[in-house]
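The values are calculated or read from the model by the stated rules, or taken from the named source; none is laboratory data. All values derive from a computational prediction rather than experimental measurement. Neighbour counts run over all protein chains shown; Cβ positions are idealised from the backbone, glycine included. Heads up: the accessible areas ignore ligands, DNA and RNA and are worked out on the full protein's heavy atoms, side chains in. Shrake-Rupley method; radii C 1.70, N 1.55, O 1.52, S 1.80 Å.
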Amino acid sequence: MRAIWKGAVSFGLVSIGVKLYSATEEKDIRFHQVHREDGGRIRYKRTCSVCGEEVTYDDIAKGYDIGGGEMVILTDEDFADLPLTSSRAIDVLEFVPAEQVDPILYNKAYFLEPEGTATKPYVLLRDALTDSERVAIVKVALRQREQLATLRVREGVLLLNTMLWPDEIRTPDFGFLDEDLKVRPPELAMASSLIDSMTGEFEPDVFTDDYRAALQEVIDAKVEGREVVQPEEAEEAPAAAVDLMAALKASVERAKAARGEPARGGGGGGGGGGEPTPISSARSAQKAAEKKAAKAPAKKTAAKKTPAKKAEPAAKTAAGKTAAKKAEPAKKKAAPRKTA
């Protein structure tokens, strides 16, 4: 890495000489604009819109448009007179808990390396920040602009994060913020269950830029003169859910299946005497509906079998009547004996 800035961290009366390095780098694949027919690079000329002449970099100044076609021209001397008192210093203003700094304020990150004999005070500040669990709020001038920044520790190195100024953060102004939308407790409970089922440890190395990899494959194939292999098509996004609860429940089950977890069973008998939660109530309602649907065809089958079962007593009744008829003559024959 190449140092892009040299200065000192001003920590009370302690001055720590440091070098500044970019902590990140862009991995985007960059292209040049070329002529389609012969591949020649496209060049642009800097011309003046007033006189039409081509202008060199030495003749270019900065202009501020004040409206009405008027322009205020600023030279290098104008910028040199600006009060950048911390042009070569990183001034520590205060120390605050890291969670008090809204991540939306962060802009760019830089590593700080101790220079010369500044290693010991550098390590002292690093260890003090680690023990206090705080970050330093600092001011630094980079590229002729004073910036607010934080100083914290990452992997044993001081990391400078430049920040946007509070008035550079836009205020969200969207219509739905004024709407009176109510989220039902069962929906909130199911959404929380979905979050729980998808909770894990953040490991950035497992995520990759699939588009960049596919684009690099296209470029490599062009260079080698081979056929480009199309990557697998991404799964289409599901359609918008009509039943929010059903979509949330299906999402929970899919997340659990992806983790290899068994689906949670129903309430079961036994012991838990607590009141049903919104999630268990929703599951119980769904299972009751499934049982009802399963019983419906069974009733029809039972209805068909019922006549056969009813036929048995009918047969017994018929047999009884036959026996009764056979018994009648016997009674008639016995009657004369009683008379005698």
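Annotations for the structure displayed:
- Hull-based mean projected area of segment 56-108, where the convex hull spans the alpha carbons, in square nanometres: 7.4 nm²
- Measuring against 30 Å, Cα to Cα, the residue pairs K6/K45; K27/K120; K62/K108; K182/K256; K6/K62 contain K6/K45; K27/K120 as the ones spanning a longer distance.
- In terms of the mean number of neighbouring beta-carbon atoms within 10 Å, the peptides 115-124, 44-53 order highest first as 115-124, 44-53.
- Sequence of R88, R41 from largest to smallest accessible area, 1.4 Å probe: R88, R41
- Heavy-atom SASA rank of Y21, Y106, Y211 (probe 1.4 Å, accessible area, largest first): Y211, Y106, Y21
- Label positions at A257 and T117, each projected 7 Å from the Cα along the C-beta direction, are separated by 6.9 nm.
- Look at where the Cα atoms of segment 29-44 and of segment 152-173 average out, and the two centres are 37 Å apart.
- Scattering profile of segment 44-164 at q = 0.12 Å⁻¹ [log10 I(q)/I(0), Debye over alpha-carbon scatterers]: -0.64
- Site pair S22 and L74 shows an inter-label distance of 2.4 nm when each label is modelled 7 Å from Cα along Cα→Cβ.
- Averaging 1/r across all pairs of distinct Cα atoms in segment 106-208 and inverting the result yields a Kirkwood radius of 18.2 Å.
- With N as its number of residues, segment 78-147 has a Cα radius of gyration that, divided by 2.2 N^0.38 Å, comes to 1.29.
- In straight-distance terms, cross-link reach from K139 covers every one of the aspartates and glutamates whose alpha-carbon lies under 12 Å from its own, apart from those fewer than eight places away in the same chain; here that gives D91, E94.
- Seen from K139, the other residues with C-beta closer than 13 Å to its C-beta sum to a net charge of -1, counting Lys and Arg as +1 and Asp and Glu as -1.
- Distance (nanometres) between label positions extended 7 Å along Cα→Cβ at F202 and A247: 2.6 nm
- Accessible heavy-atom area order of F79, F176, highest first, probe of 1.4 Å: F176, F79
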